[in-house]
Amino acid sequence: MTRLHAEGVTLGYDDQPIVTGLDVRIPDGKVTAIVGANACGKSTLLRGLARLLKPRAGAVFLDGKAMSELGTHEVAKTLGLLPQTPVAPDGITVADLVSRGRYPHQGWFRRWTDGDDDAVTRALEATGTAALVDRPIRQLSGGQRQRVWVAMALAQDTDLLLLDEPTTYLDINHQVELLRLLRKLNAESGKTIVVVLHDLNLACRFCDHVIAMADGSVVAEGEPTAVITAELVEKVFGLSCVVVPDPVAGTPMVVPS
């Protein structure tokens, strides 16, 4: 049994179902990418796995328990999340925002500790945002702001980390740096990481497991070398391509034809 999985979930907004009767198991201790065309249900699935979206049918399970039966505080101590469009309170600084990642570890009688300071410092340094601590969020560029949000998620220091399009607003250098960071976190601490990505080549290079979606369904999943083929890319994205070995990593590389 995996720590995080969904059984027969139906998810959607208002009267419109996006994902219907879906079964998904997130491999423990691996980096998983959810890929697919726009509006295929990637973010909807991630929101369901993170308990931001209540299933209309079926259930999401965390450590063998239906997530609907778990308290918010209990879930937040185990599962960290970076949503697609996070919103910061007016006037908040980088230091204050990243520190909020420690809130799930606070309690009625627990005060801020050196361990909290260490977790925040590590998150800031890992994302290259330590020099921004005194800056208001509103004064940051889109790329800087995105890295600060990632820092807040890392400060939460959970075993499971879900990120919805974390490379948005980042230039190619920072995209690679962020994915290298996630890969390092996985290798050093065994964190289970799920990330929604648009770039198939980055997904293949940095992730162990790929879940490919189309029209609210999973059409293929497994190791990138087994999943990412020219036929799959044509089916999911409608793109004619060839798939060749990446000259650096040896992972599948999609080249439009």
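The values are calculated or read from the model by the stated rules, or taken from the named source; none is laboratory data. Note that the structure is a prediction, hence the values are computed from the model and not measured. Note that each Cβ is placed from the backbone with ideal geometry, even for glycine, and that neighbours are counted across all protein chains shown. When the accessible area is computed, the model is the full protein with side chains, heavy atoms only, and any ligands, DNA or RNA have been set aside. Shrake-Rupley method; radii C 1.70, N 1.55, O 1.52, S 1.80 Å.
Scanning the range 65-100 for residues that are polar (S, T, N, Q) and either touching a helix residue (DSSP H, G or I) at 6+ places or on another chain (Cβ under 6 Å) or closer than 20 Å to ARG147 by Cα (or both) yields GLN84, THR85, THR93, SER99. Of all residues in the range 204-213, those satisfying the criterion of being among the hydrophobic types (A, V, I, L, M, F, W, C) and in contact with a strand residue (DSSP E or B) (Cβ under 6 Å, 6 or more places away or on another chain) are CYS204, CYS207, VAL210, ILE211, ALA212, MET213. In the range 143-151, the condition of being open to solvent by 10 Å² or more (accessible area, probe 1.4 Å), small (Gly, Ala, Ser) and part of a loop (DSSP other than H, G, I, E, B) is met by no residue. Here CYS40 passes the criteria (1) surrounded by fewer than 21 Cβ atoms within 10 Å (Cβ to Cβ); (2) assigned to a loop (DSSP other than H, G, I, E, B) except the one numbered (1). Evaluating ARG183 against the criteria (1) surrounded by 20 or more Cβ atoms within 10 Å (Cβ to Cβ); (2) of a type outside the set (Phe, Trp, Tyr); (3) within 26 Å of ASP63 (Cβ to Cβ); (4) touching a strand residue (DSSP E or B) at 6+ places or on another chain (Cβ under 8 Å) leaves one unmet condition, (1). Per the listing LEU53, LEU46, LEU22, the residue uniquely part of a loop (DSSP other than H, G, I, E, B), touching a residue at least 40 places away in the same chain (Cβ under 8 Å), closer than 30 Å to LEU202 by Cβ and touching a Leu at 6+ places or on another chain (Cβ under 8 Å) is LEU53. Taking the listed residues ARG51, ARG47, ARG56, the one that is loosely packed, with under 15 Cβ neighbours inside 10 Å and not β-branched (Val, Ile, Thr) is ARG56, with no other qualifying. Remark: pairs (first residue in the range 237-257, over 14 Å from ASP199 (Cβ atoms); second residue surrounded by 14 or more Cβ atoms within 10 Å (Cβ to Cβ) and among the small types (Gly, Ala, Ser); Cβ separation under 9 Å; 6+ apart in sequence or on different chains) = GLY238/ALA37; SER240/ALA230; VAL242/ALA230; VAL243/ALA230; SER257/ALA230.
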